Amino acid sequence: MASTTTKALTKLVKINTPIKRVVSTSTSSRQGAQVLAVGADIAGTCPFRSTFETIDNMMSRPQQTAAIQVETPVIENKVQNYDAIPGPKGLPLIGTLFDYLKKDGLRFNKMFEAYRTRALEFGPIYKEKIATISTVIISDPDEYSKVIRDEGKYPMRREMEPMAYYRSKNGIGLGLVNAQGEEWHKYRTVVSKKMLKMKEVLDYCGSMDTVAEDFVQHLKDRSTTKHEVPVLEKEIFKWAMESIGTFLFEERIGCFGSPTPTQAQSFIDNLQGFFKLMQPLMYNIPLYKVMPTKMWKQYEAYADNVMKIGRSFVDKKAKALEGVVPKENEKVSFLTYLMSQESLTPDDALSTAVDLLVGATETTSNGSLWVMYCLAKNPTVQEKLFQEIQNVLPYKEAITPETLNKLPYIKAVIKETFRLYPITFATSRFVQKDIEVGGYNLPAGTHVQANLYGMFRDPEYFPDPEEFRPERWLREANMESNIKALSNLVWGHGARMCIGRRFAEQEMHIMLSKMVQNFKIEYHHEDIEPVLNTVMTPDRPLKLSFVPRESECL
Ligand code: HEM
């Protein structure tokens, strides 16, 4: 048995070790004027610059949009070899894995804390090998901007290995989330035509408003005499699913029905299990590739159900659409659009729709939970937000794109929440050519991450970082543009940035505005801590109270 395991380990290490290249040590000179504005760097390389500018216009525009030039003396710097990058020492095959497995050690579901602690010990650039994955972790916005610049045409992110393996094993296309290179570009080109166009997304403002209104009523119906909602996580998940379902299928799934439709309930339960187990599977040695472990079997069962139910939603709609050819400029559901694309096979179209269903639910539901928690813990902020909403939105009236433009504070509240609780705690890229970062040479193929959680709580970038202060994101706050741009990184960056960002922001702005208009959100229990279930979630059920505000609104 022991030798089987050793063989399996050796095989896995071979599979997962990136090809190492011999890199010569070279010298380079620091620029006299260092460009600090990560935002400008992002904008400079991001093909969607103009459209993302519009999103930021909606919130607030920095007083100074140009890059800040800081005069620094020109000094000759020796660029050091990759091996010189500091970091924790690990064991030959498994790196620092035991640090995460031992009692009282670091934890996979607290990786964001591990990154922060390591960065404090080893500095803004350190490297670590956990199990088979070596990563360089960067906690300096200027240095990370070099990675952003290097993206290339087909940016490569670390795949969600268990998900990719599951799909390959079952002959399912890797889809937008996990595909790389030209295959990824094929999916991305099709989806971005709809999801990254502001006008297309704004078209869904009305239906998102209806879903949000129904959600508010659903919570009212579900709340107890103490105004708490049993298993709030599941209820908010229903909102997220109903929202993306409406976008994909142009019709309602019916998640707020009583009882919840069995399929929708089962999809929710399985998707939550799927995300929860992905976290430990991603960081541990992928033994499941050679023998199905207990955890893998459980994960596989969740994945089977997610695919099966996701597909049945899509299949049902696809059947109804058979033979329908949309007329030019006709407004059709996203699924109809996908199915009419020549570059996608019917199977590709189905996989893409399921990917969007999966990608849109855990993220926006947990993101919204964190916003509500922060509002409940900061009643003054909540009151200010309530006043902003009251000033522009008559009670029970629908939110329009024009109303959204008049709600800068809700956007600042969400940015501040994501600073404290970034749904994705770190970015991920494989550098595509040899580059210099922080005085070290990173060979092509190096896996690099921006330590978002660490930077977001660093007093150098955010004074009083533990304080929830949405005002720092408002126009008048005068925040340096490179720091302001840091907040965008919770959506990733460049050509591979979250494709659902516009949609997610719009649905969250609408739903959260409606929630604050209808309820005073309160929290009367112990403080909540973040944990990773792939995305950052509260560490226990969130027992918020939703006290109706009707009388104040009329
Ligand atoms: C709070 C909400 C969300 C957050 C914080 C978030 C964050 C992210 C991040 C960080 C990435 C990786 C980007 C990169 O590597 O540069 C990503 C990718 C992706 N997201 Fe989101 N996301 C959210 C909501 C959504 C929604 C609503 C959808 C679907 C409608 C979606 C679909 C996707 C897809 C398909 C990808 C893969 C894109 C690609 O690789 O080309 N996300 N998201």
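The values are calculated or read from the model by the stated rules, or taken from the named source; none is laboratory data. What you see is a predicted model, and the numbers here were worked out from it, not measured in a lab. Using ideal geometry, Cβ is built from the backbone for each residue, glycine included, and neighbour counts are taken over all protein chains shown.
Is it the case, given these coordinates, that Glu466 is under 23 Å from the mean Cα position of the chain (by Cα), among the acidic types (Asp, Glu) and either more than 16 Å from the ligand (Cβ to nearest atom) or surrounded by fewer than 22 Cβ atoms within 10 Å (Cβ to Cβ) (or both)? Spell out how you get there, then give the answer.
Details: under 23 Å from the mean Cα position of the chain (by Cα): yes; among the acidic types (Asp, Glu): yes; either more than 16 Å from the ligand (Cβ to nearest atom) or surrounded by fewer than 22 Cβ atoms within 10 Å (Cβ to Cβ) (or both): yes.
Judged against the criteria, Glu466 is a match.
Look through Ser368, Ser343 and report the one residue that is among the polar types (S, T, N, Q), more than 24 Å from the chain's Cα centre (by Cα) and more than 15 Å from Phe247 (Cα to Cα). Spell out the reasoning first.
On the way: Ser368 fails: more than 24 Å from the chain's Cα centre (by Cα).
Exactly one of Ser368, Ser343 is among the polar types (S, T, N, Q), more than 24 Å from the chain's Cα centre (by Cα) and more than 15 Å from Phe247 (Cα to Cα), namely Ser343.
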Query raised in the report: Among Phe215, Phe275, which is the only one that is buried (at least 21 other Cβ atoms within 10 Å of the Cβ) and modelled with pLDDT under 95?
Result: Phe275
Query raised in the report: Out of all the residues in the stretch 280-288, is one or more at pLDDT below 90, β-branched (Val, Ile, Thr) and within 16 Å of the ligand (Cβ to nearest atom)?
Result: no
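So that you can scan it fast, the table gives a plain yes or no per residue for (1) more than 16 Å from the ligand (Cβ to nearest atom); (2) charged (D, E, K, R):
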{"residue": "Glu471", "(1), (2)": "yes, yes"}
{"residue": "Arg475", "(1), (2)": "yes, yes"}
{"residue": "Asn478", "(1), (2)": "yes, no"}
{"residue": "Leu489", "(1), (2)": "no, no"}
{"residue": "Phe503", "(1), (2)": "no, no"}
{"residue": "Asp527", "(1), (2)": "yes, yes"}
{"residue": "Arg540", "(1), (2)": "yes, yes"}
{"residue": "Phe546", "(1), (2)": "yes, no"}
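Looking only at the stretch 173-184, how many residues end up being crowded, with 17+ Cβ neighbours inside 10 Å and either assigned to a helix (DSSP H, G or I) or more than 11 Å from the ligand (Cβ to nearest atom) (or both)? Don't jump to the end; show me each part of the working.
Of the stretch 173-184, the ones crowded, with 17+ Cβ neighbours inside 10 Å are 173-179, 184.
Keeping just the survivors that are either assigned to a helix (DSSP H, G or I) or more than 11 Å from the ligand (Cβ to nearest atom) (or both) gives 173, 175-178, 184.
Number of matching residues: 6.
Which members of the stretch 280-293 meet the condition of being of a type in the set (S, T, N, Q) and crowded, with 19+ Cβ neighbours inside 10 Å? Give the steps one after another, and end with the answer.
First, the residues of the stretch 280-293 that are of a type in the set (S, T, N, Q): 284, 293.
Asn284, the sole residue that qualifies.
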Report task. Scan the stretch 124-142 and report the pairs whose first residue is within 13 Å of Asp458 (Cβ to Cβ) and modelled with pLDDT of 95 or more and whose second residue is part of a loop (DSSP other than H, G, I, E, B) and among the charged types (D, E, K, R), with Cβ atoms within less than 6 Å and a gap of 6+ or a chain change. Result -> Pro124/Asp140
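So how many residues does the stretch 495-510 have that are over 14 Å from the mean Cα position of the chain (by Cα) and surrounded by 21 or more Cβ atoms within 10 Å (Cβ to Cβ)? Working first, answer last.
Keep residues of the stretch 495-510 that are over 14 Å from the mean Cα position of the chain (by Cα), which gives 495, 506-507, 509-510.
Next, from what is left, pick out any that are surrounded by 21 or more Cβ atoms within 10 Å (Cβ to Cβ): 506-507, 509-510.
Of the residues in the stretch 495-510, 4 are over 14 Å from the mean Cα position of the chain (by Cα) and surrounded by 21 or more Cβ atoms within 10 Å (Cβ to Cβ).
What are the residues in the stretch 348-377 that are away from the ligand (no atom under 13 Å from the Cβ), of a type in the set (D, E, K, R) and at pLDDT 90 or above, if any?
Within the stretch 348-377, the first condition is being away from the ligand (no atom under 13 Å from the Cβ), and the residues that meet it are 348-350, 372-377.
Then drop every residue that is not of a type in the set (D, E, K, R), which leaves 348, 377.
Within the stretch 348-377, just Lys377 meets the criteria.
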Report task. Scan the stretch 393-400 and give yes if some residue there is at positive phi and among the charged types (D, E, K, R), otherwise no. Result -> yes
Report task. Note down all Cβ pairs under 6 Å where the first residue falls in the stretch 102-115 and is in contact (Cβ under 8 Å) with a residue 60 or more places away in the chain, the second is small (Gly, Ala, Ser) and crowded, with 19+ Cβ neighbours inside 10 Å, and they're at least six residues apart or on different chains. Result -> Tyr115/Gly454
Query raised in the report: Does Tyr302 satisfy being modelled with pLDDT of 90 or more, buried (at least 17 other Cβ atoms within 10 Å of the Cβ), within 23 Å of the chain's Cα centre (by Cα) and not small (Gly, Ala, Ser)?
Result: yes
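Yes or no: Leu442 of a type in the set (A, V, I, L, M), modelled with pLDDT of 95 or more and within 16 Å of the ligand (Cβ to nearest atom)?
Working: of a type in the set (A, V, I, L, M): yes; modelled with pLDDT of 95 or more: yes; within 16 Å of the ligand (Cβ to nearest atom): no.
No: the conditions fail for Leu442.
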Query raised in the report: For the stretch 238-279, how many residues meet the condition of being in a helix (DSSP H, G or I), more than 16 Å from the ligand (Cβ to nearest atom), touching a Lys or Arg at 6+ places or on another chain (Cβ under 9 Å) and β-branched (Val, Ile, Thr)?
Result: 0
